[in-house]
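S.K.: Here's a structure for you.
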Amino acid sequence: MITYENKQCKLLVYTRQTNEKSYPDGLARSIHFAVSRDGQHYQPLHQNYGILFAQAEIRSDNTICPKGVKDPVVFVMSDRGFGIVATRVNEDGSGDEDCRGQMLLWRTVDFMDFQDIGMVEEDSYIPDGERKECCVIQGETVTGSWIQIDAGLCDRLLLHWNPLSHVSTYLPDSVTVTSREELETLRATAVYSDGSTVSKKVAWQTEQVDFSTPGIYQVKGSLYDTHYSFPLARGYGDPVIFPWEGKWYFLGTNDNLNDIGIYVREADTVSGLFGEGVEEHLILGVDEEKGFVQTFWAPEFHIIGGQLYILFAVGGKKWGPQCYLMKLKTGGRIIEAESWEIPVKVLRQNGKPLAESGITLDMTYVSAGGRSYMVWSYREHIGTPADTGSMLYIAEVDATKPWQLSGEPVLLSRPLFGWENVNGTINNEGPHAFVYDGKVFLTYSGGDAAGYTYVLGLLTADATQNLTDVSVWKKSCTPVLSFYSVEGEYGPGHNSFFIDDDGNLMIAYHAEDALESRLRSDGIRRIHFDVQGTPRFDVSAARDLNPALRDVSIQVIVQ
């Protein structure tokens, strides 16, 4: 990586022009960042997608009034670090009379983590000598505010906010083995642009090696991963991949059948789940007597208290999905409908329904710190002027009786940022979590569930804490996966996680393959952890394994 230790670089903050077809108000009226190493040409951070967003206001009737920003200014603060101020506006750019004479303020020491201070008096934070600049960034003319930063910070920002890529491959010069099987366990180390690493399997060309006779050989090989082309299954949302008793299984919302019924696929490999002619097994169909009629949404496999369950939402004749779970009978087969117990509705601690009014959906299970939790999405008055938007709730649950909460529901998140409530798509839904290095990483989705603005947000907490304490969670200020993240994938969201046969943490998600498409289709890729231990969900196949760095060679000493 080239560094510019003796040069001063520039950092620019700006908003973008609104394009209702490809970058609407909720995204454009946010604070974007770019850096320049030569003082003239700017490179956007976060792929020119917004980083700081104004939070929406919650009206007295519990509805959301989305907000945006204009005229951002960046400056060096007198005590320590940097400040960014901006004028708050309504989503459409009109003036916000509620904050006349005030500005929004964020503080940061590194432009990677930000503290949202909120509203401050305008006169208190007008920096002296503000420097403005008009420039062209990716073909769009923008006017912004800039400050000088040192070259080291510039380099760190480019690594933090932009996608990582495979830049080198490491192997020892030689290895001593006694068998082909021993050589095949040797992995190469792929090094990424930030210095993070991951081990990769190698397909060794051992035809010329006689492992029964001591000797020295130069052996070639090729790095390989199991990469999945996008799209995989067309017309399926909310995909879940799950290993069970030596087989792999696939669940999803079946848009091809109008979201009616829960179907499951079975195969020997993950790839086999998406092979031509793979069979789908109906394990829960329409049952008017039990109230299973429509919106069979977001089924998920979870092992809870040592038992296998499917968590899902379903509605009756009157539209209104609610959270249910059903348990696999002892010795039962996943693909057989009769192997599943009758689904039961999830109840509150007092035995009453999870929601007296509104809808509940997208329930997931989280196990952390010796405790069990349910997280789900709740929404009231959908499709009316009183629509609250979907909100994430969390509650503790007894793993031996997961169909009834053991604690009171707590509001965890609601769609206050512009990327969560784009053009009226006020969504926090589709939560799913994994635990890594002592932290809980809970992804969720916002934006249009069947359109290009769908994104993944991220909530992070210490796994040892009580997760129903909202103060232990940190919410990402910007999405961790969007239609700007991986070329050719629009509206990535509503995901799940699984560990593949090689021990890689994988993400399964749905997206569209065109900007204007409404056909949800599934994708899978590996999650990479950067040098800070932060999960990166946007490492595409080409960036994960550079074809130019695939071929390797090593001296093999046979004993």
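The values are calculated or read from the model by the stated rules, or taken from the named source; none is laboratory data. The structure presented is a predicted model; accordingly, all values stated were derived computationally and were not measured. Note that we place each Cβ from the backbone using ideal geometry, even for glycine, and neighbour counts take in every protein chain shown. In case anyone asks, the SASA skips ligands and DNA or RNA and just uses the protein heavy atoms, side chains included. Shrake-Rupley method; radii C 1.70, N 1.55, O 1.52, S 1.80 Å.
S.K.: Taking R0 as 25 Å, what FRET efficiency do you get between K132 and D61 from their Cβ-Cβ distance, rounded to the nearest 0.05?
M.R.: On the way: r = 40 Å, r/R0 = 1.60.
E(calc), rounded to 0.05, equals 0.05.
S.K.: Further question: Tell me which label goes with the value of semi-axes √(5λ) of the Cα gyration tensor in Å computed from the coordinates here: (i) 39, 37, 20; (ii) 37, 29, 22; (iii) 50, 22, 21.
M.R.: Answer by label: (i).
S.K.: Okay, next question. What is the distance in Å between the Cα centroid of the range 39-69 and that of the range 129-190?
M.R.: 26
S.K.: Which FRET efficiency value, to the nearest 0.05, is calculated for V531 and S94 with the Förster distance at 45 angstrom and r the Cβ-Cβ distance? Write out the running numbers ahead of the final one.
M.R.: Numbers: r = 43 Å, r/R0 = 0.96.
Efficiency, from the Cβ-Cβ distance: 0.55.
S.K.: At 1.4 Å probe size, with the rest of the protein present, what percent of the exposed accessible area of the chain is carbon and sulfur atoms? Don't jump to the answer; show the numbers that get you there.
M.R.: Numbers: 10970 of 23910 Å².
Result for the chain: 46 percent of the exposed heavy-atom area is carbon or sulfur.
S.K.: Accessible area per residue of the chain at 1.4 Å probe, in Å²?
M.R.: Numbers: 23910 Å² over 559 residues.
With the other protein chains kept in place, the chain gives 43 Å² per residue.
S.K.: Treating cross-link reach as a plain straight distance, find the lysines whose alpha-carbon is under 21 Å from the alpha-carbon of K70, omitting any fewer than eight places away in the same chain.
M.R.: Output for K70: K10, K21, K132.
S.K.: While we're here: Of the cross-linked pairs K439/K474; K345/K439; K290/K317, which ones have a Cα-Cα span greater than 21 Å in the structure shown? Mind dumping the intermediate values first?
M.R.: Values: K439/K474 11 Å; K345/K439 30 Å; K290/K317 11 Å.
Those over the limit are K345/K439.
S.K.: On to the next question. Students often check this: by mean Cβ neighbours within 10 Å, which of 463-471, 12-20 ranks highest, and how do the rest follow? Before the final figure, lay out each step's value.
M.R.: Numbers: 463-471: 15.7, 12-20: 18.3.
So the peptides 463-471, 12-20, ranked by packing, come out 12-20, 463-471.
S.K.: Kindly state, to the nearest 0.05, the FRET efficiency for V191 paired with D150, given R0 = 30 Å and r defined as their beta-carbon distance.
M.R.: Numbers: r = 25 Å, r/R0 = 0.84.
Efficiency computed from Cβ-Cβ geometry: 0.75.
S.K.: Give the aspartates and glutamates reachable from K329 as a straight Cα distance under 14 Å; neighbours fewer than 8 places away on the same chain don't count.
M.R.: Within reach: E338, E341.
S.K.: Also, quick follow-up: Rounded to the nearest 500, what is the chain's calculated 222 nm mean residue ellipticity when only DSSP H runs of at least 4 contribute -39500 (n - 2.57) each, over all residues? Numbers along the way, then the final one.
M.R.: Details: 4 runs with 24 residues, N = 559.
Theoretical 222 nm ellipticity from helices: -1000 deg cm²/dmol.
S.K.: Something else now. Taking the simple approach of a point 7 Å from Cα along Cα-to-Cβ for both A541 and E140, what is their distance in nm?
M.R.: A separation of 3.0 nm, rounded to one decimal place.
S.K.: Another question, if that's okay. Calculate, in nm to one decimal, what V286 and K352 gain on full extension: separation in residues at 0.36 nm each, minus their alpha carbon distance. Write out the running numbers ahead of the final one.
M.R.: Values: separation 66, 0.36 × 66 = 23.76 nm, distance 2.46 nm.
Value of the extension gain: 21.3 nm.
S.K.: Starting from 0.36 nm per residue, how many nanometres of slack lie between E182 and Q208 once their C-alpha separation is accounted for? It would help to have the intermediate numbers written out before the result.
M.R.: Details: separation 26, 0.36 × 26 = 9.36 nm, distance 1.61 nm.
Going from the current span to full extension adds 7.8 nm.
S.K.: Reachable lysines from K220, Cα under 16 Å, same-chain residues fewer than 8 places away excluded?
M.R.: Reachable lysines: K200, K201.
S.K.: Here's something else I'd like to know. Run the dipole for the chain about the Cα centre, Lys and Arg Cβ at +1, Asp and Glu Cβ at -1, nothing else charged, and hand back the magnitude in debye, nearest 20.
M.R.: Working: 47 positive and 75 negative charges, 74 e Å.
In debye, rounded to 20, the chain gives about 360.
S.K.: Taking the alpha-carbon centroid of each part, what is the distance from the range 230-297 to the range 424-459 in angstrom?
M.R.: Result: 21 Å between the Cα centres.
S.K.: Report the label-to-label distance for V175 and E122 in nanometres (one decimal), using points 7 Å from each Cα along the Cα→Cβ vector.
M.R.: For the pair V175/E122, the computed spacing is 6.6 nm.
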